[in-house]
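The values are calculated or read from the model by the stated rules, or taken from the named source; none is laboratory data. All of these numbers come straight from a predicted model, not from anything done at the bench. Positions of Cβ are generated from backbone atoms using ideal geometry, with glycine treated the same way; all protein chains shown enter the neighbour counts. The area values use the complete protein model at the heavy-atom level, side chains included, leaving out ligands, DNA and RNA. Shrake-Rupley method; radii C 1.70, N 1.55, O 1.52, S 1.80 Å.
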Amino acid sequence: MANTCLQFTGFVMSFLGWIGLIIATATNEWVVTCKYNMNTCKKMDELEAKGLWADCVISTALYHCITLTQILELPAYIQTSRALMVTASILGLPAVALVLMSMSCINLGSEPESAKNKRSVLGGTIILLTAFCGVVSTVWFPIGAHHERGLMSFGFSLYSGWVGTALCLLGGCMITCCSVDTPATYTDNNRFYYSKQGPTHSGPASTNHAKSAHV
């Protein structure tokens, strides 16, 4: 029962973490950059938001984004973060499906419990791989943006990626640890049953006793 609760908790955490990674991948406010200090940029309305797919200009009356279409000319940290976040978003779907189909309340025919455990371990491993992709992307991107333009603050997309990565990491660990096969245990009733079914020698002994009494 405890393993079932932990597995369900890990599934919920992993699902929410996967949603957080999708939100981070789809939005463009990863970091806020500025050539000057924050106060000067706010007065001059020169705040810029940088994401995986576009560079945006943020001001009181304008929110304009320029799509980053020249893939070969982009810095390495943007290309790598793009690939890893897209990979994490794609891997999350089969991972969540595998864990969901390995729940104790779902039965696929008459499959043994060991098959469910193997499927759950596979799903948890893929979730951990998803979390690894999120860790590399959400750490490398702000470092690269800071060296390129000067980082001023983090955007909500990056926070979403951090939260999603943490939830996937914790959920994947819980699912993997709770999906270990437990050895079969024998109760006292089983031992009593097998002892009663053991061979008895009452028949030959009684026959010999009868022969000696006849003589």
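Listed values, structure above:
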item: Total residues in the range 8-31, condition among the polar types (S, T, N, Q) and more than 12 Å from the chain's Cα centre (by Cα); result: 3
item: Filtered residue count, the range 140-152, keeping only those that are over 10 Å from Y77 (Cα atoms) and surrounded by 15 or more Cβ atoms within 10 Å (Cβ to Cβ); result: 3
item: Of residues in the range 72-99 being over 22 Å from H146 (Cβ atoms) and open to solvent by 90 Å² or more (accessible area, probe 1.4 Å), the one nearest to the chain's Cα centre (by Cα); result: L93
item: Qualifying residue in the range 108-126 (condition: loosely packed, with under 13 Cβ neighbours inside 10 Å, touching a Leu at 6+ places or on another chain (Cβ under 9 Å) and modelled with pLDDT under 90); result: yes
item: Candidate set: the range 16-47, residues that are outside any helix (DSSP H, G or I) and under 27 Å from T87 (Cβ atoms); chosen: the one modelled with the lowest pLDDT; result: T33
item: Single unsatisfied condition, A54 versus (1) closer than 13 Å to E29 by Cα; (2) among the small types (G, A, S); (3) within 15 Å of the chain's Cα centre (by Cα); result: (3)
item: Selection from the range 157-178 of residues that are touching a Phe, Trp or Tyr at 6+ places or on another chain (Cβ under 9 Å) and either over 14 Å from V96 (Cα atoms) or open to solvent by less than 10 Å² (accessible area, probe 1.4 Å) (or both); result: S157, L158, G161, W162, G164, T165, C168, G171, I175
item: Search result, residues across the range 86-120 that are small (G, A, S) and on the phi < 0 side of the Ramachandran plot; result: A88, S89, G92, A95, A97, S102, S104, S110, S114, A115, S120
item: Residues of the range 73-95 satisfying the condition of being more than 16 Å from A24 (Cβ to Cβ) and not aliphatic (A, V, I, L, M); result: E73, P75, Q79, P94
item: Test: residue in the range 61-77 that is at pLDDT below 80, over 20 Å from T130 (Cβ atoms) and among the hydrophobic types (A, V, I, L, M, F, W, C); result: yes
